[in-house]
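> Mind looking over this structure? Questions follow.
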Amino acid sequence: MKRYTLLFLFLVFLASCANDDDFGLESTQFVFSEQKWQLTQMSGSFQNSETTGEEMEWQEYYIFSPEGTFVKSRTIDDEIIEATGSFEVVEYENDLNHYLELTFETGNELAGNCTGDDKELLMYRSSTMISSLWMACDGPGLDYLLIKN
């Protein structure tokens, strides 16, 4: 009986620590599992320029590993291009958002950024959505949904 009580208290403790509004490392479980994030929407700088599904210019996904590495895969006209690298969760002073900073080791041409280097920044929108910040410098707006946790 004592074991069941301890197990119950442990489960209650875990449930009380869970917070869907916290989009940091714990809520997205990068530490515990591999995750796949699929591109679901592209948008341009003009109003109502969103495309989804097969209508998007390309198909793309990220796979993030618990070891802090990623694979980015883009398919354009049946041609697959892949990139690899490492990532870390970052926060900035006076900014409540959480970000993933990717550093490309291969496939730098897939790095969507404003600086032309081997870095890419993604922002957590929710525990199941991240967005590229490439749009800040006239790149496309790219939104990704968590499809495998």
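The values are calculated or read from the model by the stated rules, or taken from the named source; none is laboratory data. Note that the coordinates shown come from a computational prediction; the quantities given were computed from them, not determined experimentally. Cβ: placed from backbone, ideal geometry, glycine included. Neighbour counts: every protein chain shown. The protein model used for the area step is the full one, side chains on, heavy atoms only, and it has no ligands, DNA or RNA in it. Shrake-Rupley method; radii C 1.70, N 1.55, O 1.52, S 1.80 Å.
> Report whether or not residue 60 is under 16 Å from residue 120 (Cβ atoms), exposed (fewer than 14 other Cβ atoms within 10 Å of the Cβ) and either among the hydroxyl-bearing types (Ser, Thr, Tyr) or modelled with pLDDT of 95 or more (or both).
no
> Looking at the range 71-80, can you tell me whether even one residue there is of a type in the set (Gly, Ala, Ser) and open to solvent by less than 70 Å² (accessible area, probe 1.4 Å)? Break it down stepwise before answering.
Filtering the range 71-80 for residues of a type in the set (Gly, Ala, Ser) gives 73.
Add one more test, that the residue is open to solvent by less than 70 Å² (accessible area, probe 1.4 Å), and what stays is 73.
Scanning the range 71-80 turns up at least one residue that is of a type in the set (Gly, Ala, Ser) and open to solvent by less than 70 Å² (accessible area, probe 1.4 Å).
> I would also like to ask the following. Being open to solvent by 20 Å² or more (accessible area, probe 1.4 Å), touching a residue at least 40 places away in the same chain (Cβ under 8 Å) and not in a loop (DSSP other than H, G, I, E, B) is the filter here, so list the residues in the range 126-149 that pass it.
126, 135, 143, 145, 146, 147, 148 - these are the residues of the range 126-149 that are open to solvent by 20 Å² or more (accessible area, probe 1.4 Å), touching a residue at least 40 places away in the same chain (Cβ under 8 Å) and not in a loop (DSSP other than H, G, I, E, B).
> Can you tell me which residue among 112, 85 is of a type outside the set (Lys, Arg), in contact with a strand residue (DSSP E or B) (Cβ under 8 Å, 6 or more places away or on another chain), assigned to a loop (DSSP other than H, G, I, E, B) and crowded, with 17+ Cβ neighbours inside 10 Å?
Details: 85 fails: assigned to a loop (DSSP other than H, G, I, E, B).
Matching residue, one of 112, 85: 112.
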